[in-house]
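The values are calculated or read from the model by the stated rules, or taken from the named source; none is laboratory data. Owing to the predicted nature of the structure, the values given are computational and were not obtained by experimental measurement. Using ideal geometry, Cβ is built from the backbone for each residue, glycine included, and neighbour counts are taken over all protein chains shown.
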Amino acid sequence: MKKVTLFLASSSELKDDREQFELLIYRKCKAWFDRGIFLHLDIWEDFLDAMSMEGLQSEYNKTLQACDIFVLLAFNKVGKYTAEEFSHAFGQFAATQKPFVFTYFKTPTTTQNRDDLKSLWAFEDRLKELNHYKTEYGSIEGLREHFGNQLDKLATANFLELQPDEMNQAEGVPSTPSVNAATVSGQGNKVYQDIKDSTITDSSKTYNIDKIDHARFE
C-alpha cells in the first residue's frame, strides 16, 4: 500500500470548503484502495491541542514539510499562519522538489475589510514573484473537479515521476523556479486554545464558546 500524505492550509473562514475537500479525499481514498493507494489528509483541526515546546504552529509546519502534496485555499484574506505554512511548503519544495504545491483562490471576494484584502493582495504579489500561479474557483464543485483531475494525473504517474513543472506545462502554466526560501506575512491573526465556557469579543464580533479545544481566527 502506497501512502500519500496531503496537507490542507486555509483560514477559518473556509471551514465549509475544508470539509468538502476532506470528503473529496475520502472518496478518492475509497476508490483507489484496490489500486494500493492510501490518501492521508492533515488539516489543522486534526492536531491535538497539547503543549508544544516550540508552539502548536511548529507542529503544523513539521507535518507539512513531510507531506507529499500541499494545498492552500484562500478567500477574503490570507492570515499569518496560512502564509507561514505556504512559506514552509514552498521552501521545502525549492530544496527537495517535494511537496507538490497547489494554491486555490475562491472568487469573488465578499469582504470590504481593507486589512483583509491587503493580506490577500500581498500574498498574490508574492506568488507572482515566485512565478507560482494560483488557480481560481467559484464553487466547491469547481475546486473538487480541478483538484480531482490533478490527483488523477499524479496517480497515473505513481505520485513520483510527474514533477510539478511537468504538471504546470500540461496546464499551460509556467514552471516554478527553484528558490532558497519564501516568506509571506499576514495581518490580524489570532489563535485561541483551551477555551471552555467563555465569551470572546474580537474586532466587534462576539463568539459564545461552550467548549473549543483549539480555534484559529485568521
Given (1) closer than 20 Å to L6 by Cα; (2) modelled with pLDDT of 90 or more; (3) not β-branched (V, I, T), K128 misses just (1)
Can you pull out the residues in the stretch 78-103 that are farther than 16 Å from R126 by Cβ and not in a helix (DSSP H, G or I)? Q97, K98, P99, F100
Among the residues of the stretch 127-139, what is the count of those that are touching a residue at least 40 places away in the same chain (Cβ under 8 Å) and farther than 14 Å from L72 by Cα? 2
Tabulated pairs, the stretch 92-109, first over 17 Å from S10 (Cβ atoms), second among the hydroxyl-bearing types (S, T, Y), C-beta under 7 angstrom, 6+ apart or interchain: A94/S178
